[in-house]
Amino acid sequence: MGREVSESCIDSLLTEMVSTYCTRFYANKPELAARRIEAIGYQVGHQLSERYTMERPRFSDHLEAIKFICKDFWSELFKKQIDNLKTNHRGTFVLQDNRFRWLSRISLDSSLEYTESQDPSASAENKAAQSTSMHLYFPCGIIRGALSNLGIPCAVSADISNLPACSFVVRIKA
Amino acid sequence: MIACVAVVGHQNNPLYIQSFTEADDALKLHHIVHCSLDVVDERVNNPKKSGPTLNETFLGLLYPTENYKVYGYLTNTKVKFIIVTTHLDVRDADFFRRFHAAYVDAVSNPFHVPGKKITSTTFAERVSTIVKSFGLSSAG
C-alpha cells in the first residue's frame, strides 16, 4: 500500500524546511521558527505513533512507552535503536543516540565559518551550535507528538554538547 | 450481520460512526455505542484477572443487549473501535485489525485534524468493504 522515497529526499526536505523557516518565514525570529518546526514534528510524531503501535498490546506504564520509543519507534525512523537510556526515576529521561542520523551530514568544523576578526572562535562556535540546534527541533517534536499520543504529556529538548552524539531530554509533565 | 461501527477518540469524542442497517434505529445504535464506552473504561481500569489479558487490544464481547452484541477494541493511543452486531460472533481480532489499518491510513492524512471527525471518503469506502467481506465470510 505504501510507496517509498529515497532517504536523500527526506534529508533534502528536512534541510530545506529548517532553512526556509529560519531564513524566509521567520527571519530574525529564531524562537518562532523553532516553535513552528517543533509543531510540525509534533503532528508527524502523533501520526507515526498511531501507525507503529498498531500491532502491539498496550503499554502498562511510562517506562514501557519510553522503551518503545527507544527501540521500535527509533528503529522504524532511523534504522537503529537509542544507544543509551538514563532516567532519574522522577519523570526525566535522557535518550542518547551516539550517531544521530539527521545530523550525520552536518559539518562539525566551525573554523571555516568565522567572518569577524575579533574573538572569532566564540561567535563561530555559537553560530554553528545555534544552526545545528535548529535541526533538532523537528525530532524533538516527533518524540513529543508520539508520547502525547500515548497519553504522556511531556517536554522534549535536545542536547548537542558532544557531537555527533545527540541526547534528547524528555521531561514528563506531572 | 454488522449493524454499526464506530471509532471513538481518547476523550470519548466520536470520530466516526456508520450504521449499515436501513432501519430507523440509528439513534438507538448511537446510544448503544455510547453506553459501551463505560464498559470499555471499566474493563481497562478494573481488570478481573490481571496478567496477559490486561493489555490486550481486543476486548471481546462488551455486553449483550436483547437484539445486539457489542464488541470492543482499544488501541495503544486510547482510540476505541466499537462494533454492534446482530447474530454475528466476532471470535478474533481480524476484523478489528483491518479496521485499525484503515484508521491509521485515514489519520495519516495531513489534512486530518486529530480529534475532529474523520471525513475521508476513502476511509468510509474501506470500512464498507471490510464490513461486507466480513459479513460474507462469516455467513459462508
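The values are calculated or read from the model by the stated rules, or taken from the named source; none is laboratory data. Computed from a prediction, not measured in an experiment: that's the story for all the values here. No Cβ is skipped: glycine too gets one built from the backbone with ideal geometry, and neighbour counts run over all protein chains shown.
Only a single criterion out of (1) in contact (Cβ under 8 Å) with a residue 12 or more places away in the chain; (2) acidic (Asp, Glu); (3) under 19 Å from A:Arg144 (Cα atoms) is not satisfied by A:Glu64, namely (1). Is there a residue being in a helix (DSSP H, G or I) and at pLDDT below 90 anywhere in segment B:79-95? Within segment B:79-95 (the criterion being in a helix (DSSP H, G or I) and at pLDDT below 90), the answer is yes, since at least one residue qualifies.
Just checking, how many residues over segment A:12-40 are at positive phi and of a type in the set (Val, Ile, Thr)? If you could, list the steps in order and put the result at the bottom.
Keep residues of segment A:12-40 that are at positive phi, which gives A:28.
Now narrow it down to the ones that are of a type in the set (Val, Ile, Thr): none.
Matching residues across segment A:12-40 total 0.
The set of residues from segment B:114-140 being exposed (fewer than 11 other Cβ atoms within 10 Å of the Cβ) and more than 20 Å from B:Phe58 (Cβ to Cβ) comprises B:Gly115, B:Lys116, B:Thr121, B:Leu136, B:Ala139, B:Gly140.
Applying the selection to segment A:122-163, what residues are in a loop (DSSP other than H, G, I, E, B), closer than 21 Å to A:Ser49 by Cβ and away from chain B (no Cβ under 14 Å)?
Here is the first cut: in segment A:122-163, the residues in a loop (DSSP other than H, G, I, E, B) are A:135-136, A:150-153, A:160-163.
Right, trim to closer than 21 Å to A:Ser49 by Cβ and you get A:136, A:150-153.
A:Leu136, the sole residue that qualifies.
Restricting B:Ala106, B:Ala3 to those that are at pLDDT 75 or above and in a helix (DSSP H, G or I) reduces the list to B:Ala106.
Put simply, of A:Gly45, A:Gly41 the only residue that is away from every other protein chain (no Cβ under 12 Å) and within 30 Å of A:Arg24 (Cα to Cα) is A:Gly41.
Quick grid of which residues meet (1) part of a helix (DSSP H, G or I); (2) closer than 28 Å to B:Phe111 by Cα:
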position	(1), (2)
A:His46	yes, yes
A:Ser49	yes, yes
A:Arg58	no, yes
A:Ala65	yes, yes
A:Ile82	no, no
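No other residue among B:Thr77, B:Thr121, B:Thr65 is more than 11 Å from chain A (Cβ to nearest Cβ) and over 16 Å from B:Ser36 (Cβ atoms) apart from B:Thr121.
Is it the case that segment B:126-137 has a residue that's at pLDDT below 80 and of a type in the set (A, V, I, L, M)?
The initial filter retains those residues of segment B:126-137 that are at pLDDT below 80, namely B:135-137.
This time we only want the ones that are of a type in the set (A, V, I, L, M), so: B:136.
Among the residues of segment B:126-137, at least one is at pLDDT below 80 and of a type in the set (A, V, I, L, M), which makes the answer yes.
Restricting to segment B:95-113, count the residues that are loosely packed, with under 13 Cβ neighbours inside 10 Å and touching a helix residue (DSSP H, G or I) at 6+ places or on another chain (Cβ under 8 Å). Spell out how you get there, then give the answer.
Within segment B:95-113, the subset loosely packed, with under 13 Cβ neighbours inside 10 Å is B:110-111, B:113.
From the residues that got through so far, the ones that are touching a helix residue (DSSP H, G or I) at 6+ places or on another chain (Cβ under 8 Å) too are B:110.
Residues meeting the conditions: 1.
A count restricted to segment A:67-96 and to residues that are in contact (Cβ under 8 Å) with a residue 24 or more places away in the chain and on the phi > 0 side of the Ramachandran plot stands at 1. Taking the criterion of being touching an Asp or Glu at 6+ places or on another chain (Cβ under 9 Å), of a type in the set (A, V, I, L, M) and either within 14 Å of chain B (Cβ to nearest Cβ) or surrounded by fewer than 17 Cβ atoms within 10 Å (Cβ to Cβ) (or both), the only residue of segment A:48-87 that qualifies is A:Leu48.
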